[in-house]
Amino acid sequence: MEQYTPIFIDLSRKSCCVIGGGRVAERKIKGLLHTEAQITVISPEITSTLQQLHHDSRIQWIARSYRNGDLRGAFLVYAATDHREVNSSVVREAEEAGILVNDAMSSENSTFITPSVVRRGRLSIAISTAGAGPAAAAEIRDTLEQQFGDEYETYIEFLYQMRMEVKARVSSPSLRGKLLRRLTEMDVLEHIRTGQFQYWTEEQIGDWISHNQEDV
């Protein structure tokens, strides 16, 4: 059984190469668009969606077939053609160069796999079956999308902003931790769901920190 370590990678400003321009490549690229990666697609033809992304300068398109050496300088690669031998060549070049590579036709030939993801702003929940059941992963994702609604985007953003304020105002690491844990014990999510939530003002944040420092 394949053993994978869950990991989130910062791809901003990193070169990511997608070999192939069909529907599978399109799905891979849509996942990369969240990351501010520098995306290059190599394929004689691409879907209309990818053509629009190229027109909008969100991806670079090299309109030809893959050639050995095309991966030079890439950080991450998707082999997403419908030709097994081409994908295998891409994987071979990537592995020789120490580049992370995913073969869309074969998880066994990949050094990483792409999970199903639920996104709510800063919140990302990744689901993987280690390549055994993509349909099952999609079903689990659908369940989690119902469980973690849009209110979590506001909630996590609130926690992020409060974390930044606490770090700026409180010097003690142990006290910071206690204050941030106390935030998660509050009924913020319920207030968001019922429309009662408003982001705190600078004065409210200061009052809350001062009051709670006295209690911990």
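The values are calculated or read from the model by the stated rules, or taken from the named source; none is laboratory data. The structure displayed is predicted, hence computed values, not measured ones. Positions of Cβ are generated from backbone atoms using ideal geometry, with glycine treated the same way; all protein chains shown enter the neighbour counts. Only protein heavy atoms, including side chains, enter the accessible area calculation; ligands, DNA and RNA are left aside. Shrake-Rupley method; radii C 1.70, N 1.55, O 1.52, S 1.80 Å.
In this calculation the C-beta distance from residue 51 to residue 83 is compared with R0 = 25 Å, giving a FRET efficiency of 0.75. Around residue 98, what is the net charge, scoring Lys/Arg as +1 and Asp/Glu as -1 over all other residues with Cβ under 13 Å from its Cβ? Result for the neighbourhood of residue 98: -1. Full extension of the segment from residue 169 to residue 141, taken as 0.36 nm per residue of separation minus the current Cα-Cα distance, would add 6.3 nm.
DSSP beta bridges fully contained in the chain are about 25 percent antiparallel.
Restricting attention to region 14-66, which GluC sites (Glu not before Pro) occupy a DSSP loop and are surrounded by at most 11 other Cβ atoms within 10 Å? Listed in order of number, the matching sites are 45. Backbone phi angles across region 188-204, fed through the Karplus curve with coefficients 6.51, -1.76 and 1.60 (θ = phi - 60°), yield HN-Hα couplings of 4, 4, 5, 5, 5, 5, 9, x, 9, 7, 9, 4, 6, 7, 4, 5, 5 Hz in residue order; Gly and Pro are listed as x. Hey, of (i) 22.0, 66; (ii) 23.6, 73; (iii) 20.3, 71, which did the structure itself give for Rg and Dmax of the Cα atoms in Å when calculated? Identified label for the calculated read-out: (i).
What full-extension length gain, to one decimal in nm, is calculated for residue 30 and residue 203 as 0.36 nm per residue of separation minus the Cα-Cα distance?
My answer for the length gained is 58.2 nm.
Ellipsoid fit via the Cα gyration tensor, region 1-106: semi-axes of 20, 17, 13 Å, each the root of five times an eigenvalue, largest first.
Using heavy atoms of the protein chains and a probe of 1.4 Å, the accessible area assigned to residue 159 is about 40 Å². So what is the calculated 222 nm ellipticity per residue for the chain, using -39500 (n - 2.57) for each DSSP H run with n of 4 or more, over all residues, to the nearest 500 deg cm²/dmol? After summing the helix terms and dividing by the residues of the chain, the value is -14000 deg cm²/dmol. Sorting 100, 76 on solvent-accessible area from highest to lowest, probe radius 1.4 Å, gives 100, 76.
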